[in-house]
1. Report ³J(HN,Hα) in whole Hz for each residue of region 218-223, in order, from the Karplus equation J = 6.51 cos²θ - 1.76 cosθ + 1.60 where θ = phi - 60°; Gly and Pro get x.
2. How large is ³J(HN,Hα) for each residue in region 170-177, as worked out from phi by the Karplus curve 6.51 cos²θ - 1.76 cosθ + 1.60 (θ = phi - 60°), to whole Hz, x for Gly and Pro?
3. From the Cα trace of region 50-152, what convex hull volume per residue do you get, rounded to a whole Å³?
4. Work out the FRET efficiency for Arg131 and Asp67 from their Cβ-Cβ distance, taking R0 = 35 Å, and round it to the nearest 0.05.
5. Helix 119-132 against the longest principal axis of the chain: what's the angle in degrees, Cα atoms only, rounded to the nearest 10?
6. In whole Hz and in residue order, list the ³J(HN,Hα) couplings for region 190-200 that follow from phi through the Karplus curve 6.51 cos²θ - 1.76 cosθ + 1.60, θ = phi - 60°; x for Gly and Pro.
7. Which residue, Ala94, Gly118, Ser147, has the largest displacement toward the positive end of the dipole of region 94-163 when charges sit on each Cβ (Lys, Arg +1; Asp, Glu -1)?
8. Mind telling me which of Lys51, Lys124, Lys31 comes out most flexible in a GNM of the chain, alpha-carbon contacts under 10 Å?
Amino acid sequence: MEQKDIIVELKDIHKSLGGKKVLEGLNLKIKRGETLVIIGRSGIGKSVLLKHIAGLMKPDKGEVIIDGVDITQLNEKELTEVQKKIGMVFQGAALFDSLTVEENVGFFLFRYKLKELGYDKIRKIVREKLRLVGLSGVENMLPSELSGGMKKRVGLARAIANDPEIILYDEPTTGLDPILADAINNLIVKTQKALNVTSVVVTHDMVSAYKVADRIAMINNGKIIFEGRPDEVKNSDNPYLQQFIEGRSEGPIKVI
């Protein structure tokens with residue numbers, strides 16, 4: 001993997017929360033245009049890792065390099081400019097309950113680009129992004145009127161509204177039945193191809209991981225312990241990886 005192909009690089013990342021070490025010298029490179037899936041047990045630090053890439057958390061030590069820029073060294077204004085390249089789909093969709101679907105999807109654009117684009121242009125962009133995720137005609141609905149699957153798709157439409165270069169997904173299929181989960185997986189693949197973005201997906205759902213990933217990385221004890229293509233994951237003899245993907249309580253990963 002050549003350096004010019006790398007859009008995200010995490011170098012020696014350390015992070016403690018509540019006195020507990022979550023990330024301990026984690027290193028990871030993400031290639032431009034790929035879909036990388038990060039797997040691991042619940043509470044192991046997957047979402048914390050994602051928030052470091054998004055600039056929502058700052059490491060205690062280490063570098064978070066986005067497109068050649070170490071965002072840990074930026075001031076708030078500079079960080080905001082880098083964050084414009086990044087869209088994030090939160091686990092619970094994180095929609096604003098009091099805003100309509102249109103207002104949720106266009107939130108960033110209405111806040112930061114209204115003077116530049118104008119109201120009508122933003123509304124057109126919102127409709128196009130909703131169409132891309134299969135949700136035309138729901139602009140005036142409130143989040144309380146949406147199903148779980150619809151909320152996930154609205155969350156994705158909001159994440160892509162500003163045409164980001166990187167999309168981060170935090171447990172995108174959690175809480176969905178297998179049919180809806182497959183629809184979200186298909187949407188992740190479709191979005192990556194349609195927009196030619198770099199996607200980072202955090203999940204413990206191996207069905208989802210195998211379907212969307214170009215590469216899969218496993219996190220354990222604060223570090224990346226395995227990286228490889230889906231076929232390499234299936235054929236690996238790494239005992240930590242095999243225990244996780246087979247869902248066994250017996251093995252090197254201890255159940256606490």
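Bear in mind these aren't lab numbers, they're just calculated from the coordinates by the rules spelled out. From a predicted model like this one, the values you see are computed outputs, not experimental measurements. Counting neighbours? That spans all protein chains shown, and the Cβs are built from the backbone with ideal geometry, glycine included.
1. These are the phi-based 3J(HN,Hα) values: 10, 9, 8, 6, x, 9 Hz.
2. Taking θ as phi minus 60°, the curve returns 9, 6, x, 9, 4, x, 9, 6 Hz for region 170-177.
3. 126 Å³
4. Step by step, r from the Cβ atoms, then E = 0.75.
5. 50 degrees
6. For region 190-200, the Karplus-derived couplings read 4, 5, 4, 6, 5, 9, 6, 9, 8, 10, 10 Hz, x marking Gly and Pro.
7. Gly118
8. Lys124
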